[in-house]
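Notes follow the structure.
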Amino acid sequence: MGTVTLGVSIAVPEPYGSLLQERRAGFGDPAAHGIPTHITLLPPTEADSSALAAIETHLSEVAASGRPFPMRLEGTGTFRPVSPVVYVTVAEGADACAWLQKQVRDASGPVARELLFPYHPHVTVAHSIAEEAMDRAYDELSDFTAEWACTGFSLYEQGSDGVWRRLRTFFFGGITVPPQAGAPSTHGTLPTR
């Protein structure tokens, strides 16, 4: 057996996910292409690989108790100087994200853990890069907006190459959605800069 590094998050749908990933890379963040654009529900967590089935069962139960909700990203924020992060703000859907992450990390569950900082849903667009580049990310994405219906979340594993790969998506209400119907509806505005 051995250990795996897992994370649980809400994927930012296209075209916004790729756009923000490219912008993150453009600001000089070397991790950008290894991290799909997301809102974290469970940060990177070491788990025994033998626990994967129990973790998937737990996440299925969390998803079954959830319902789709509106998600809106709007503008930028930063955790500086506490943490070297610039992010796009979750303007709508933050309460639902907070509820979900609490269920995922439930003390009786297989991925129970404490957080280093209070939970604050966000989409990272710059992390641990030069201050000037962090300022640029903050300014250039300040007019970014995106909206979609959040219908579930996904389990990811970090490979030995540092790249995060989706293992499975869990839809709210325990619903199985056909692939052609599973694409979230999106609308919003892309930044003009």
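The values are calculated or read from the model by the stated rules, or taken from the named source; none is laboratory data. The model shown is predicted, which means the values in this text are computed figures rather than measured ones. Quick reminder, even Gly has a Cβ in these numbers, built from the backbone with ideal geometry, and neighbours come from all protein chains shown.
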Any chance residue 166 is assigned to a strand (DSSP E or B), surrounded by fewer than 17 Cβ atoms within 10 Å (Cβ to Cβ) and not aromatic (Phe, Trp, Tyr)
yes
Take the conditions buried (at least 21 other Cβ atoms within 10 Å of the Cβ) and under 14 Å from the mean Cα position of the chain (by Cα) and apply them to residue 100. Does it pass?
yes
If we keep only residues of the range 43-74 that are over 14 Å from residue 7 (Cα atoms) and among the charged types (D, E, K, R), then the residue farthest from the chain's Cα centre (by Cα) is 61
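Residue-wise test of (1) out of contact with any helix residue (DSSP H, G or I) (no Cβ under 9 Å at 6 or more places or on another chain); (2) of a type outside the set (A, V, I, L, M, F, W, C); (3) in a strand (DSSP E or B).
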position	(1), (2), (3)
10	no, no, yes
19	yes, no, no
24	no, yes, no
28	no, yes, no
33	no, yes, no
36	no, yes, no
39	no, no, yes
52	yes, no, no
Pairs, first free of Cβ contacts under 8 Å to residues at least 60 places away in the same chain in the range 75-93, second loosely packed, with under 15 Cβ neighbours inside 10 Å and among the polar types (S, T, N, Q), C-beta under 7 Å, six or more apart:
84/128
Given the criteria of a type in the set (A, V, I, L, M), out of contact with any Lys or Arg (no Cβ under 8 Å at 6 or more places or on another chain) and within 30 Å of residue 48 (Cβ to Cβ), does residue 100 qualify?
yes
Every residue in the range 94-130 that is free of Cβ contacts under 8 Å to residues at least 24 places away in the same chain and among the hydroxyl-bearing types (Ser, Thr, Tyr), please.
108, 119
Failed criterion for residue 49 (all others in (1) of a type in the set (S, T, N, Q); (2) at pLDDT 95 or above; (3) exposed (fewer than 15 other Cβ atoms within 10 Å of the Cβ) hold)
(2)
Quick one: in the range 1-29, of everything that is in contact (Cβ under 8 Å) with a residue 12 or more places away in the chain and exposed (fewer than 15 other Cβ atoms within 10 Å of the Cβ), which residue is farthest from residue 112 (Cα to Cα)?
15
Is it the case that some residue within the range 68-79 is at pLDDT 95 or above, exposed (fewer than 14 other Cβ atoms within 10 Å of the Cβ) and in contact with a strand residue (DSSP E or B) (Cβ under 8 Å, 6 or more places away or on another chain)?
yes
